Amino acid sequence: MADRIKKLFLNKNKVFLVILAIFCSILLWVYVTNQEGKVDEVPFTGVKVVLEGEDSMRDSRGLIIKSLDTKNVRVTVSGSPRVLARLSAADITAVIDLSTINKTGNYSLAPKIVFSSAFNSGDLNARVLSPAAVNFYVDKLSTQTVDVKGINNGSTAEGYSSEPMQFNPATVKISGPETALAKVHHAWIEVDREDIDATLSFDSTFVLRDKENNLIEDDSIILEYDTVNVTIPVVAIKEVDLVIATVPGAGAGEENVVKTFEPISKITLSGDAQVLAGVNSILLDTVDLSKVDGSYTKTYTIVIPNDTEIIGSIREVTVTLDVVGLETKRVNVPAENLSVINITEGYEATIMDTTLSNVTLRGSADALAGVTAENVRAVADLTEFGTATGFCSVPVKLYVDGTTSVGAIGEYKLFIQIQKAG
């Protein structure tokens, strides 16, 4: 019995639900029917202004928009509440038709309001537009090329130096109204990198500036590209000594030489770090002290390794060598101490000189005191004369027997006759 009552109740509940659903549908139909004839008005702000035909005007007529007074307008749209409920400012555009503009000048045009394709234009009506017209100036399109310039506000690590920045490309092309381009002098890049120790290369944006380096901000100027490549060359720097090497001779050694460099004795080089790692000095010359009589002065061009540069303007240095702490005396080498060596077989040589006069010896006072002319020998080497005959002047090498701390200064020759033997 209880089951039958429960089933009856459930069947009645279903009937009730069906009747309720039909009633709600009738109410909704009545509401919608009543709303169809109703018209509301809704204001929309921030409606975007669109320039229709701007590319064509620029490409075919050489004209460009300048000084557009607004980029957004306020539009009041009328329509049914159902349609307006779905509409937003993003579904509306204010279109300026540029197809009839053929010359420069000021213009004031009323936009045409266009709705998104998701809406039936017949269901909506733009009733009020604020501002009612958009003002702008049309200028002649111009193109020019400007140099890329910049400043490096950064720093290099200790022992390194940066060189002027390089830009690729070195110029950029800009297009826009003649009046706007007339203000532009150059493209400008600022770099701020700290403690760099190697060459950097990177892409960078740039800005436009006038002759006084004031920033130019003008949306009407079109850039050919937005970035340029910047290279900051970084080189190692190193201070090195200028050097004159000496060969001991005539009683003088390195300890007997005072060297004077003018105007500098050191230079600072810049270059590749690996190259400079092996450079500790610059050798200007090697001087044989046996040929230095008291003082020697010579100006040298500073020759540096490949792939390095001198920092500064000095490219020459004058060096003076003074031999100090020694004394000299002159002797005449007797005939018996004059000789020749390396005579070609079948030839003979006759020394025409009876003495080698005014040979200057140098050494300490004590060493010179024990040397006489008999200790000095002059030897002429005839190796290079081969089978030559006749009289010739032959350089000689001087030997001071009995001591190694005394030697002869300068160059000497003997007058010799060479002839075939027999």
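The values are calculated or read from the model by the stated rules, or taken from the named source; none is laboratory data. None of these values were measured; they are calculated from a predicted model. No Cβ is skipped: glycine too gets one built from the backbone with ideal geometry, and neighbour counts run over all protein chains shown. Note: areas computed on protein heavy atoms with side chains; ligands, DNA, RNA excluded. Shrake-Rupley method; radii C 1.70, N 1.55, O 1.52, S 1.80 Å.
Distances between placed amide hydrogens fall under 5 Å for ARG74 paired with SER130, all partners being 5 or more residues away or on another chain. The phi-based Karplus calculation (6.51 cos²θ - 1.76 cosθ + 1.60; θ = phi - 60°) puts the 3J(HN,Hα) values of the stretch 361-378 at 9, 9, x, 5, 4, 5, 5, 5, 4, x, 10, 10, 4, 5, 7, 9, 10, 10 Hz, whole numbers, x for Gly and Pro.
As I understand it, the value is the acute angle between the Cα axis of helix 2-35 and the longest principal axis of the Cα atoms of the chain; what does it come to in degrees, rounded to 10? Between helix and principal axis, roughly 80 degrees.
The residues neighbouring VAL317, those whose beta-carbon lies less than 15 Å from its own, together hold a net charge of -1 under the Lys/Arg +1, Asp/Glu -1 convention.
Placing unit charges on C-beta atoms (Lys and Arg positive, Asp and Glu negative, everything else neutral), compute the dipole magnitude of the stretch 83-153 about its Cα centre in debye, rounded to 20. Provide the component values of the computation, followed by the final result.
Values: 6 positive and 5 negative charges, 19 e Å.
Result for the stretch 83-153 is approximately 100 debye, rounded to the nearest 20.
Quick check for you: with a 1.4 Å probe and neighbouring chains kept, what is the accessible area per residue of the chain, in Å²?
Numbers: 24830 Å² over 422 residues.
On a per-residue basis, the chain sits at 59 Å².
Restricting the stretch 197-264 to GluC sites (Glu not before Pro) that sit in a DSSP loop and have at most 13 other Cβ atoms within 10 Å of their own Cβ leaves GLU212, GLU217, GLU224. A simple spin-label model places the labels of ARG74 and LYS48 2.2 nm from each other, with each point 7 Å out along Cα-to-Cβ.
Ranking LEU223, PHE261, VAL73 by Cα position along the charge dipole of the chain, where only Lys, Arg, Asp and Glu carry charges on their C-beta atoms, puts VAL73 farthest toward the positive end.
Between the residues SER162, GLY62, ILE418, the greatest Cα displacement towards the positive end of the dipole of the chain, with unit charges on the Cβ of Lys, Arg, Asp and Glu, is found for GLY62. Database remark: amide H of LEU414 closer than 5 angstrom to the amide H of VAL394, VAL396 (H placed geometrically; neighbours at sequence offset of 5 or more, or on other chains; Pro and chain starts carry no H).
Gain in length, TYR399 to GLU411, computed as 0.36 nm per residue apart minus the alpha-carbon separation, to one decimal in nm? Each step should come with its number before you reach the end.
On the way: separation 12, 0.36 × 12 = 4.32 nm, distance 1.26 nm.
Value of the extension gain: 3.1 nm.
Mean-square fluctuations from a GNM of the chain, with a 10 angstrom spring cutoff on Cα atoms, peak among ILE237, ILE351, ILE314 at ILE351.
Give me the percent of the accessible area of the stretch 321-422 that comes from carbon and sulfur atoms, probe 1.4 Å, all protein chains in place. Display every interim value, and only then the final one.
Working: 2650 of 5650 Å².
Here it works out to 47 percent.
Each other residue within a Cβ distance under 14 Å of ALA252 adds +1 if Lys or Arg and -1 if Asp or Glu, for a net charge of -3. Lys/Arg Cβ at +1, Asp/Glu Cβ at -1, dipole of the chain taken about the Cα centre: which of ALA90, THR199, PRO233 is farthest positive-ward? Sorting the options by dipole projection puts first ALA90.
Scalar couplings 3J(HN,Hα) for the stretch 50-62, obtained by applying the Karplus form with A = 6.51, B = -1.76, C = 1.60 to θ = phi - 60°, are 10, 8, 8, x, 5, 5, 5, 4, 6, 6, 9, 10, x Hz; x denotes Gly and Pro. Springs between Cα atoms under 10 Å define the GNM used for the chain, and in it the highest mean-square fluctuation of ASP381, ASP218, ASP307 occurs at ASP381. Each listed q (0.07, 0.08, 0.15 Å⁻¹) maps to a log10 I(q)/I(0) for the chain from the Debye sum over equal C-alpha point scatterers, namely -0.72, -0.80, -1.29.
Any idea what the dipole of the chain comes to, in debye rounded to 20, about its Cα centre with Lys/Arg Cβ at +1 and Asp/Glu Cβ at -1?
Numbers: 37 positive and 54 negative charges, 716 e Å.
The dipole of the chain has a size of about 3440 debye.
Between ASP197, ASP139, ASP97, the residue with the greatest mean-square fluctuation in the GNM of the chain (Cα pairs under 10 Å linked by springs) is ASP97.
Share of Cα-Cα pairs in the stretch 158-270 beyond 16 Å, in percent? Above the 16 Å cut-off, the stretch 158-270 has 73 percent of its Cα pairs.
So what is the calculated 222 nm ellipticity per residue for the chain, using -39500 (n - 2.57) for each DSSP H run with n of 4 or more, over all residues, to the nearest 500 deg cm²/dmol? Walk me through the intermediate numbers first.
Numbers: 6 runs with 60 residues, N = 422.
For the chain, the value works out to -4000 deg cm²/dmol.
The H on the amide N of GLY294, modeled in the peptide plane, is under 5 Å from the matching H of VAL323, each at least 5 residues off or on a different chain.
On the protein heavy atoms, probe 1.4 angstrom, tell me the percent of accessible surface of the stretch 195-297 carried by carbon and sulfur.
46 percent
Taken over the alpha carbons of the stretch 326-391 as equal point scatterers, the Debye sum produces base-10 log I(q)/I(0) values at 0.18, 0.20, 0.26, 0.30 Å⁻¹ of -0.73, -0.82, -1.08, -1.27.
Within the stretch 165-245, the chymotrypsin sites (Phe, Trp or Tyr not before Pro) that combine a DSSP coil assignment with at most 11 other C-beta atoms in a 10 angstrom radius are TYR225. Among the protein heavy atoms of the stretch 59-138, carbon and sulfur supply 47% of the accessible surface, probe 1.4 Å, non-protein parts ignored.
The magnitude of the dipole of the stretch 146-255, with charges of +1 and -1 set on the Cβ of Lys/Arg and Asp/Glu and taken from the Cα centre, is near 400 debye.
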